[in-house]
1. So ILE55 clears everything in (1) surrounded by 12 or more Cβ atoms within 10 Å (Cβ to Cβ); (2) hydrophobic (A, V, I, L, M, F, W, C); (3) at pLDDT below 90 except one condition, right? Which one?
2. Looking only at residues that are of a type in the set (Gly, Ala, Ser) and part of a helix (DSSP H, G or I) in the range 42-62, which one is farthest from LEU18 (Cα to Cα)?
3. In the list PHE6, PHE2, which residue meets the criterion of being more than 24 Å from the chain's Cα centre (by Cα) and modelled with pLDDT under 90?
4. Could you give me the residue pairs with C-beta distances under 6 Å whose first residue belongs to the range 36-51 and is at pLDDT 90 or above, whose second residue is open to solvent by 30 Å² or more (accessible area, probe 1.4 Å) and in a helix (DSSP H, G or I) wherever it lies, and which are 6+ apart or on separate chains?
5. For residues that are acidic (Asp, Glu) and open to solvent by less than 80 Å² (accessible area, probe 1.4 Å), scanning just the range 67-106, find the one that is modelled with the highest pLDDT.
6. Would it be correct to say that SER28 is modelled with pLDDT under 85, of a type in the set (S, T, N, Q) and surrounded by 10 or more Cβ atoms within 10 Å (Cβ to Cβ)?
7. Give the range 84-98 a look and list any residue that's on the phi < 0 side of the Ramachandran plot and part of a loop (DSSP other than H, G, I, E, B), or say none.
8. Just one of the numbered conditions (1) surrounded by fewer than 12 Cβ atoms within 10 Å (Cβ to Cβ); (2) within 9 Å of the chain's Cα centre (by Cα); (3) touching a residue at least 12 places away in the same chain (Cβ under 8 Å) is not true of GLY33; which one?
Amino acid sequence: MFMYYFMIALCVLFLILLLRVPIMIAKSRGIWGNNLTIIAILSWLGLIFGITWVIALIFALVWSGDADLAAKDLADMEKLDKLHKLKQRGAITQKEYDVQKRKILK
């Protein structure tokens, strides 16, 4: 009898871990906010409708995270800083600075 309950408890733990896989993947990829909430809901609805877990897993793997956006913003800020320093040193004109700045900010 004890083995029966032990096996049930093990199955429940495995199911919970399995349902959390899309959520853990999404968090590791930097997905937060509403997108993470959608993935979590779809993942847990996998208890009732199995296909929603698969959809949550696909979303976790496909959606780009906020970390990608932050890295791009940081790179743009570094480019703008270098461009500003070039203008201050007189290496480029104001017109060249404005053209390059518009390119970076697009």
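1. Single failed check for ILE55: (3).
2. First pass over the range 42-62, keeping only residues of a type in the set (Gly, Ala, Ser): 43, 46, 50, 56, 60.
This time we only want the ones that are part of a helix (DSSP H, G or I), so: 43, 50, 56, 60.
Details: SER43: 9, GLY50: 12, ALA56: 12, ALA60: 14 Å.
By that ranking, first place goes to ALA60.
3. Details: PHE6 fails: modelled with pLDDT under 90.
Of the residues listed, the single one that is more than 24 Å from the chain's Cα centre (by Cα) and modelled with pLDDT under 90 is PHE2.
4. Going by the 6 Å Cβ cut-off, the qualifying pairs are ILE39/PHE59; LEU42/ILE55; SER43/TRP53.
5. Keep residues of the range 67-106 that are acidic (Asp, Glu), which gives 68, 73, 76, 78, 81, 96, 98.
Filter once more, so that each one left must be open to solvent by less than 80 Å² (accessible area, probe 1.4 Å): 76, 81, 98.
Values: ASP76: 80, ASP81: 86, ASP98: 89.
The selected residue is ASP98.
6. Numbers: modelled with pLDDT under 85: no; of a type in the set (S, T, N, Q): yes; surrounded by 10 or more Cβ atoms within 10 Å (Cβ to Cβ): yes.
Spelling it out, it is not the case that SER28 is modelled with pLDDT under 85, of a type in the set (S, T, N, Q) and surrounded by 10 or more Cβ atoms within 10 Å (Cβ to Cβ).
7. Going through the range 84-98, the residues on the phi < 0 side of the Ramachandran plot turn out to be 84-89, 91-98.
Result: ALA91, ILE92, THR93.
8. Of everything listed in (1) surrounded by fewer than 12 Cβ atoms within 10 Å (Cβ to Cβ); (2) within 9 Å of the chain's Cα centre (by Cα); (3) touching a residue at least 12 places away in the same chain (Cβ under 8 Å), GLY33 misses just condition (2).
The values are calculated or read from the model by the stated rules, or taken from the named source; none is laboratory data. Just so it is clear, the model here is predicted, and its values are computed rather than measured. Don't worry about glycine lacking a Cβ; one is built from the backbone with ideal geometry, like all the others, and counts go over all protein chains shown. Surface areas here come from the heavy atoms of the whole protein model, side chains and all, with no ligands, DNA or RNA. Shrake-Rupley method; radii C 1.70, N 1.55, O 1.52, S 1.80 Å.
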